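The values are calculated or read from the model by the stated rules, or taken from the named source; none is laboratory data. It should be emphasised that the depicted structure is a prediction, and the values quoted were computed from it without experimental measurement. Note that we place each Cβ from the backbone using ideal geometry, even for glycine, and neighbour counts take in every protein chain shown.
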Amino acid sequence: MTRLLVTGGAGFIGSNFVHYVVENTEYDVTVLDALTYAGNRESLAGLPESRVRLVEGDITDAELVDGLTAEADAVVHYAAESHNDNSLHSPRPFLDTNIIGTYTLLEAARKHRTRFHHISTDEVYGDLELDDPERFTEQTPYNPSSPYSSTKAGSDLLVRAWGRSFGVEATISNCSNNYGPYQHVEKFIPRQITNVIRGIRPKLYGAGENVRDWIHANDHSSAVLTILEKGRIGETYLIGADGERNNKEVVELILQEMGQPRDAYDHVTDRAGHDLRYAIDSTKLRTELGWTPQFADFESGLAATIAWYRDNESWWAPSKDRTEAFYASKGQ
Ligand code: NAD
Ligand code: DAU
């Protein structure tokens, strides 16, 4: 395996993966990315042109996808419409990209017999009660709540069907909430960090009791690479780093780290259908493939992320006003 086709490689997690691959392997990478509002070519700046090529294009473009897949040894599929709030107000692009886009890639992988790794989310499993002792495992039944998570669930099922019916050599990973550099300011952690930098009070949906299981994007990348190289074909692996925190705790940590009073935030309108809690049991990945996360300490990972947003205002500033105007129009 020498050349990877990475879809969505100009987005948050995809670009972190491309950086990780360049630093830790010999592989060359072709990124296929439509550069939607969520994609940013600057997230790939500084990477060697001899190893990373960016092709601007859509994963629903069958001819383009076919040609790029033919040149690749493996496809790592990150491209998606990824934001729950957007999916509540404008679901259609989620069906196009997450369902039809995944179908288009699978057809190319089938034709060219290309190894396929599908990036998915823990949200396909729905949510857990706060006091539930169980966490999500590979056996948890699918029960998605939002248009976003239902299209991700649909894409997972397509991958399984193309594996079983057509022999596509596929693996799937379902990961919990990522944080780190290059994340769009619409998402929770960067929104609050950049709000504080701009002198805007952080915004907490509802009471702030919702729990997310945070993992650093670098740890997600190392897990995906491990599955790509060592995972068993046809298998699903859950990725998580035991990082459960409720949203109120995270906002308080951000404010404290940024030298503000811990209660200097506002409660705003809650998200419709807001999932209460996600929690991942990643035993299978750890015991079968020997993966372990490196960013064990959430506080120091968060501090490094805050420093990155302070140092890279030119990366996020062009999106900030538009994003806040959208939220303001929804009372959030
Ligand atoms: P993102 O929104 O930051 O990036 C998505 C990228 O896909 C962007 O660069 C965008 O331009 C590109 N894209 C969108 N539609 C496209 C299309 N039709 N054709 C080509 N490119 C297109 O998303 P992210 O947070 O980096 O998520 C990446 C993947 O990881 C998604 O599949 C998501 O479901 C999954 N995931 C995300 C998280 C998380 O915490 N963010 C956790 C688990 C899984
Ligand atoms: O669990 C994995 C998922 O994590 C991924 O599949 C998604 O692509 C990714 O966006 C993320 O989904 P969430 O909906 O959990 O992430 P988000 O950053 O939008 O919100 C995290 C939590 O913070 C959630 O409980 C909603 C809350 N929130 C969000 C925003 C933007 C707030 O309280 N205030 C905010 O301003």
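Name the residues in region 159-176 that are aliphatic (A, V, I, L, M) and under 23 Å from Leu225 (Cβ atoms), would you? Passing the criteria: Val159, Val168, Ala170, Ile172. Among the candidates Arg201, Arg191, the residue that is within 16 Å of ligand 2 (Cβ to nearest atom), surrounded by fewer than 24 Cβ atoms within 10 Å (Cβ to Cβ), basic (Lys, Arg) and assigned to a loop (DSSP other than H, G, I, E, B) is uniquely Arg201. All of Val55, Val29, Val65 fail the test of being assigned to a helix (DSSP H, G or I), more than 16 Å from ligand 2 (Cβ to nearest atom) and in contact (Cβ under 8 Å) with a residue 12 or more places away in the chain, apart from Val65. Could you please find all residues in region 153-180 being more than 16 Å from ligand 2 (Cβ to nearest atom) and assigned to a loop (DSSP other than H, G, I, E, B)? If the condition is that a residue be more than 16 Å from ligand 2 (Cβ to nearest atom) and assigned to a loop (DSSP other than H, G, I, E, B), then Gly167, Val168, Glu169 are the ones that fit.
One residue stands out in region 261-290 among those that are under 26 Å from Ser149 (Cα atoms) and of a type in the set (A, V, I, L, M, F, W, C): the one that is farthest from ligand 2 (Cβ to nearest atom), namely Leu285. Residue count for region 94-126, restricted to those that are part of a helix (DSSP H, G or I) and either among the basic types (Lys, Arg) or at positive phi (or both): 2. Cβ separations smaller than 8 Å between residues 6+ apart or across chains give the following pairs from region 74-93 residues that are in a helix (DSSP H, G or I) to residues that are near ligand 1 (Cβ under 7 Å from one of its atoms): Ser87/Glu81; Pro93/Glu81.
Only residues that are crowded, with 23+ Cβ neighbours inside 10 Å and part of a loop (DSSP other than H, G, I, E, B) were counted across region 1-26, and they come to 4.
Of all residue pairs spaced 6 or more apart or on separate chains, those with beta-carbon atoms under 6 Å, a first member in region 222-235 that is surrounded by fewer than 21 Cβ atoms within 10 Å (Cβ to Cβ) and a second member that is of a type in the set (Ser, Thr, Tyr) are Glu235/Thr171.
Among the helices (runs of 4 or more DSSP H) lying completely within region 204-299, list those that include at least 1 residues that are small (Gly, Ala, Ser). Those helices (runs of 4 or more DSSP H) span 217-230. Among the numbered criteria (1) loosely packed, with under 14 Cβ neighbours inside 10 Å; (2) within 16 Å of ligand 2 (Cβ to nearest atom); (3) of a type in the set (Asp, Glu), which single criterion is violated by Asp297? The failed condition is (2). Contact map, region 129-152: first residue assigned to a loop (DSSP other than H, G, I, E, B), second residue of a type in the set (Asp, Glu) and at pLDDT below 95, Cβ cut-off under 6 Å, separation 6 or more or different chains; the map is empty.
Which residues, taken from region 207-246, are within 21 Å of Val168 (Cβ to Cβ), touching a Gly at 6+ places or on another chain (Cβ under 7 Å) and within 13 Å of ligand 1 (Cβ to nearest atom)? Once the filter is applied, which keeps residues that are within 21 Å of Val168 (Cβ to Cβ), touching a Gly at 6+ places or on another chain (Cβ under 7 Å) and within 13 Å of ligand 1 (Cβ to nearest atom), region 207-246 yields only Tyr237.
If I filter region 47-65 for residues that are touching a Gly at 6+ places or on another chain (Cβ under 8 Å), more than 26 Å from Thr283 (Cα to Cα), surrounded by fewer than 21 Cβ atoms within 10 Å (Cβ to Cβ) and of a type in the set (S, T, N, Q), do I get at least one hit? Yes, some residue in region 47-65 is touching a Gly at 6+ places or on another chain (Cβ under 8 Å), more than 26 Å from Thr283 (Cα to Cα), surrounded by fewer than 21 Cβ atoms within 10 Å (Cβ to Cβ) and of a type in the set (S, T, N, Q).
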